[in-house]
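What follows is calculated from the coordinates using simple rules that are stated; it is not laboratory data. Quick caveat: nothing in here was measured; it's all calculated off a predicted structure. Virtual Cβ from ideal backbone geometry, glycine too; neighbours counted across all protein chains shown.
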Ligand code: MRU
């Protein structure tokens, strides 16, 4: 396969490399992800993370395994193992459905390679379209708040919510970005604060629990988040803490926007209650780990509830900003995300 280089994925010498998102921003380590076991382990540990990136990394790996001689039956098994690597972000399943189709072709090696590269190129274009559509919703002088990380690290392109913010910033409309640190794994504090600073966008970090006070002080003009799965009624699964922001936004009359590509839509999932929510290890809540090692503050054997995502009901969302344009609450309520209503899905 040709050499490929995005912010957090590389293909070179027919091997897949990922930028370790657990070590950022202190260290920029590129890790080999050229076997199913290696990539699944990186996905579990969130060294590769973000809904679009998970799907793209799995697709690229399948194509590389085919090019490196793996037989069709084994590729088929590998595809199913990769599909089960994380349950919530539907981009993984949607991308792998397309790879599965390519695997049925007579010349499946070339077909898998072409499809994986197409998915990467498409994702870049989807990000650009989302940014264009979303930036029109950003008022001049905006102070926006974002949660988790939705930038170039999490996609092949400029990102989703961060893509919108970055374009609006270049248009002179962003005064400041409030960055939720995003407990427990700190994607905001570690990744978004770093990415925004690299882009030269003024940003200020807050603990998740500070968002309410910030809104009460009228310091937030809009909230922009990404998505891991959008159900047929418009309910959105995204990083844990997103739902609380949406509730707070409604109370404080602040617009709450979700930015996502159509690869995040799941028209076959009727509503948020049917979205599988990943439960994660207790140690992520009993302490924190990073390039400094593991620090635990909770008592030994503390009982923990640690869902990686929550569901924001459609009724709290001011607009779904897709690559195909902005879906209004009225359109969502009228069935925009239902299978037959949207030809793009
Ligand atoms: O657990 P993570 O870090 O993979 O969760 C990521 C998110 O929730 C993002 O908001 C979502 O995947 C969109 S990334 C463009």
Helix 90-103 versus the longest principal axis of the chain: what is the Cα-based angle in degrees, 0 to 90, to the nearest 10?
20 degrees
Can you say what percent of the DSSP beta bridges in the chain, counting only those with both residues inside, are antiparallel? Round to 5.
55 percent
Dividing the mean separation of Cα pairs under 8 Å (6+ apart) by the residue count of the range 4-126 yields a relative contact order in percent of 21 percent
Given a Förster distance of 30 angstrom, what is the FRET efficiency for residue 67 paired with residue 306, based on the Cβ-Cβ distance and rounded to 0.05?
0.20
Among 183, 229, 49, the residue with the largest mean-square fluctuation in a Gaussian network model of the chain built from Cα contacts under 10 Å is 183
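Taking the beta-carbon count within 10 Å as an exposure proxy, list 292, 309 from fewest neighbours to most.
On the way: 292 8, 309 26.
Placing the least packed residue first, the sequence is 292, 309.
What is the range 58-110 by shape, rounded, prolate or oblate, if you read a ≥ b ≥ c off the alpha carbon gyration tensor as root eigenvalues and call it rounded for a/c under 1.5, prolate for a/b larger than b/c, and oblate otherwise?
Details: a/c = 2.16, a/b = 1.72, b/c = 1.25.
Note, shape of the range 58-110 comes out prolate.
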Estimated [θ] at 222 nm from DSSP helical runs (n ≥ 4, -39500 (n - 2.57)) normalised by residues in the chain, nearest 500
-10500 deg cm²/dmol
Shape verdict for the range 205-345, please, from the Cα gyration tensor: rounded (a/c under 1.5), prolate (a/b greater than b/c) or oblate.
oblate
Starting from the Cα-Cα distance between residue 106 and residue 132, subtract it from 0.36 nm times their residue separation and give me the gain in nm to one decimal.
5.5 nm
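Express the relative contact order of the chain as a whole percentage, based on alpha carbon pairs under 8 Å and six or more residues apart in sequence.
Relative contact order comes out at 16 percent.
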Counting only DSSP beta bridges fully inside the range 139-334, the antiparallel percentage to nearest 5 is 40 percent
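Kindly identify the range 78-133 as rounded, prolate or oblate by the Cα gyration tensor criterion: order the square roots of the eigenvalues as a ≥ b ≥ c, call it rounded if a/c is under 1.5, otherwise compare a/b with b/c, prolate if a/b is larger, else oblate. Write down the numbers at each step before the final one.
Numbers: a/c = 3.32, a/b = 1.33, b/c = 2.50.
Taking the square roots of the gyration eigenvalues as a ≥ b ≥ c, the range 78-133 is oblate.
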Of the peptides 318-324, 231-237, how do they stack up when ordered by the mean number of other Cβ atoms within 10 Å, highest first?
231-237, 318-324
Once the piece of chain linking residue 14 and residue 114 is laid out straight, how much longer is it, given 0.36 nm per residue of separation minus the C-alpha distance between them?
34.6 nm
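Return the ratio Rg/(2.2 N^0.38 Å) for the chain, where Rg is computed over Cα atoms only.
On the way: Rg = 19.4 Å, N = 345, 2.2 N^0.38 = 20.3 Å.
Against the empirical 2.2 N^0.38 Å value, I get 0.96 for the chain.
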Tell me the angle of helix 72-83 to the major Cα principal axis of the chain, expressed in degrees between 0 and 90 and rounded to the nearest ten.
10 degrees
Using Cα pairs closer than 8 Å and at least 6 residues apart in sequence, work out the relative contact order for the range 148-289, in percent.
22 percent
I want to check the label-to-label distance for residue 125 and residue 251. Put each point 7 Å from Cα in the C-beta direction and report it in nm to one decimal.
4.4 nm
